[in-house]
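What follows is a single structure, written as structure tokens, with notes after it.
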Protein chains: 2
Amino acid sequence: MQLAATARSASPANVLPFPIPGFGRAQAMLNPLVGRTLHFQRGAEIYPAGKAADQLYQVFSGTVRTCRLLPDGRRMIAQFALAGELFGLDGVGRHRFFAEAVTDAVVIAFSRRDIAAWVDRDPAAAQSWHSYTLEKLAAAQDRFILLGRRTAAERVAAFLLDLADRGKGPDGVIELPMSRYDIADFLGLTAETVSRVLTTLRKNRLVANHGTHHLRILNRDALEEQADEEAA
Amino acid sequence: MQLAATARSASPANVLPFPIPGFGRAQAMLNPLVGRTLHFQRGAEIYPAGKAADQLYQVFSGTVRTCRLLPDGRRMIAQFALAGELFGLDGVGRHRFFAEAVTDAVVIAFSRRDIAAWVDRDPAAAQSWHSYTLEKLAAAQDRFILLGRRTAAERVAAFLLDLADRGKGPDGVIELPMSRYDIADFLGLTAETVSRVLTTLRKNRLVANHGTHHLRILNRDALEEQADEEAA
DNA sequence: CGTCGGATTGAGAACGTTCAAGGGGCGTGG
DNA sequence: CCACGCCCCTTGAACGTTCTCAATCCGACG
């Protein structure tokens, strides 16, 4: 929140990528670059599908989703970008997804041309940038398993653990800025199924609710067991 | 097949990446590098999950799959690599999937260190290499939609169209080197469901079978309509 | 305190899976 | 060259998980 205030005071001047605790590689990656600060209201479109993919975005505050719609209304969310995280890396020439603000959000836009130029100059940057995309590729392949071979309960448990690791909230409290519909479209389920799984988790005392958009993990081991019907 | 004979005669000497018609970018990418030729029998393991990811592979002949197993036996296939295509780009430090030969296969292994060194030297190579990984990332995100939001019939139709585009067979004849179980584990279905969808496609005269591992597309428009319940 | 969007809960249906049996193709051995 | 056997593919029937449809509930916000 203090961060958001800082962004607002810096706007509309250009800003450097801001430091976020625990935001290692991507931070180092973008540090020498200058971006434009943009503000979006909850639900606002950040870029449409098909737009030239000439920018990369970092979330300053709030949460962003990247989505695609099928003509019959089915929707898939490819990514939730939390504060500090990057998005906009869908498609090579043009965006294949559209991006929207899940909550009111402040976003820093970097020119892909600047990134390319800087990567050409600095071999360490090139290395950092390349291993970032490789990491995303590996994460995407992990998601194949989630979407193709896991049950609803496993998907939701994995999602909660992922958010717990990425969110920097204190002692096991997870913030869920997105709706049950968003979660469902991210996991390939329906909102009703997500709700039912969360209810079961609460009844089994694996998690406790603090309003609809916050929950606390009570038994992480059991949650991990439910998420990973898988040996490491 | 002539290609395979050439590979055999070149082995065990080192070889350059070979040209494959219609294999543009990755070809240009690897041209200056030298790799080792490896032979695998149908079903043989090419690398295990967890192995240090210090090589990148190009399929010379045959087909390769990259998979992960859950402890209860569920399996997911992340990729089928056909002749000319690359595989081994799962995981940054270590492979997160294992690779197996779907059919007898000849594979060329390139050292990632060689690739890194060459990319450091040649900016055009770096560009080519980077946009290759970005393209793979975009393709992975498309697969999220397939796995999370499409029906069995849509998945199978999309799979056939994809193979038709990648395989260089004549006039709409598709080769399916993999089993129905492989297809199922690639699409997040069961072999029975894949078989039933293929039967329906045959009955509706969208495709014709020529043995279990070859089929011909009779009505591509209808197949595309079935695959894309989606506007471009 | 009222209203509205999202969340929860319930009942029934559907799609895909599971379990089971039968059929076909290919390779091997006689 | 033919027969056998194995593997995989196909088909059927029953089951189950998840979806769909619908009603109610809750919480945020005016």
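The values are calculated or read from the model by the stated rules, or taken from the named source; none is laboratory data. Just so it is clear, the model here is predicted, and its values are computed rather than measured. Here the Cβ is made from the backbone with ideal geometry for all residues, glycine too, and neighbour counts use every protein chain on show. With ligands, DNA and RNA removed, areas are computed over all heavy atoms of the protein, side chains included. Shrake-Rupley method; radii C 1.70, N 1.55, O 1.52, S 1.80 Å.
With the label put 7 angstrom out from Cα along the Cα-to-Cβ vector, B:Lys51 ends up 4.4 nm from the copy partners, going from closest to farthest. In segment A:138-169, the residues that give up 40 Å² or more of accessible area when the other protein chains are added, compared with the chain on its own (1.4 Å probe), are A:Ala138, A:Gln141, A:Asp142, A:Phe144, A:Ile145, A:Leu147, A:Arg149.
Note on segment B:139-232: with neighbouring protein chains present and a 1.4 Å probe, carbon and sulfur make up 49 percent of its accessible heavy-atom surface. For A:Gly93, neighbours were defined as the other residues whose beta-carbon sits under 13 Å from its Cβ, and their charges (Lys and Arg +1, Asp and Glu -1) total +1. Label point of B:Glu224 (7 Å along Cα→beta-carbon): distances to the other copies' equivalent points are 4.9 nm, sorted ascending.
Between the DSSP loop rule and a limit of at most 10 other Cβ atoms within 10 Å, which chymotrypsin sites (Phe, Trp or Tyr not before Pro) in segment B:64-167 are left? Here no chymotrypsin sites (Phe, Trp or Tyr not before Pro) fit, given the DSSP loop and packing criteria. Apply the Karplus curve 6.51 cos²θ - 1.76 cosθ + 1.60, θ = phi - 60°, to the phi angles in segment B:168-179 and return the couplings in whole Hz, x for Gly and Pro. Calculated HN-Hα couplings, in order: 9, x, x, 4, x, 8, 9, 9, 10, x, 8, 6 Hz.
What net charge is computed for the residues neighbouring B:Asn219, neighbours being all others with C-beta under 13 Å from the C-beta of B:Asn219, Lys and Arg scored +1, Asp and Glu -1? Counting the neighbours of B:Asn219, the net charge comes to +2. Cross-link reach is defined here as a Cα-Cα straight distance under 21 Å, omitting same-chain residues fewer than 8 places apart; for B:Lys168 the lysines meeting it are B:Lys136. Counting from the shortest, the label point at B:Asp171, 7 Å from Cα toward Cβ, is 7.4 nm from the same position in each remaining copy.
Over segment A:150-227, Cα pairs under 8 Å with separation of 6+ residues give a relative contact order of 38 percent. Using a Gaussian network model of chain A in which every pair of alpha carbons under 10 angstrom is joined by a spring, one finds that among A:Gly43, A:Gly73, A:Gly188 the greatest mean-square fluctuation is at A:Gly73.
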